[in-house]
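The values are calculated or read from the model by the stated rules, or taken from the named source; none is laboratory data. On a predicted model such as this, the values are computed, not experimentally measured, just so you know. Glycine also receives a Cβ, built like all others from the backbone with ideal geometry; neighbour counts cover every protein chain displayed.
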């Protein structure tokens, strides 16, 4: 398990339903941030790999989150790929991630695997976006753990009352809907 970090730039985009725009949100946020000169890392934790297919050039990456997760990597070295968007790197996913997630269920510390991979790279990026699959499984738990550990979990921890008490945050949340 990794210690607490004060990086407030890790965002997991998750929803129980499919087809609600999670991947589209990640792609748009990453693309716009990259255009603004920000360094962005987009992590595809969905075995369907929609983010990977859209964001990466046509050549298939040789190493993905699947292999890194399977070996419980403590870094994303060799896994990140430059995307077709300026300033945006992608950690690709493959369908085989589904099987790896199933084998990881009995691991001790299984919810920290993604956080441990991301931690060495926090200072390299202005924004880290994590695209999640629909539903809740170990990949989503890892994404939410990484975002919470990085300090972006206030709404989840404090509920919607925290959001309503901060008009600027509430306005931004309304624009996101």
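Some observations on this one:
- Within the range 62-77, the residues that satisfy the criterion of being crowded, with 19+ Cβ neighbours inside 10 Å and within 16 Å of residue 99 (Cα to Cα) are 64, 65, 66, 68, 69.
- Residue in the range 40-55 that is over 16 Å from the mean Cα position of the chain (by Cα) and surrounded by fewer than 21 Cβ atoms within 10 Å (Cβ to Cβ) present: no
- Extreme residue, farthest from residue 34 (Cα to Cα), among residues of the range 93-148 that are in a loop (DSSP other than H, G, I, E, B) and free of Cβ contacts under 8 Å to residues at least 24 places away in the same chain: 106
- Test: residue in the range 64-78 that is part of a strand (DSSP E or B) and either free of Cβ contacts under 8 Å to residues at least 60 places away in the same chain or touching a strand residue (DSSP E or B) at 6+ places or on another chain (Cβ under 9 Å) (or both): no
- Among residues that are over 20 Å from residue 134 (Cβ atoms) and loosely packed, with under 13 Cβ neighbours inside 10 Å, residue 59 is included.
- Within this structure, residue 13 fails the test of being within 22 Å of residue 149 (Cα to Cα), crowded, with 17+ Cβ neighbours inside 10 Å, in contact with a strand residue (DSSP E or B) (Cβ under 8 Å, 6 or more places away or on another chain) and modelled with pLDDT of 95 or more.
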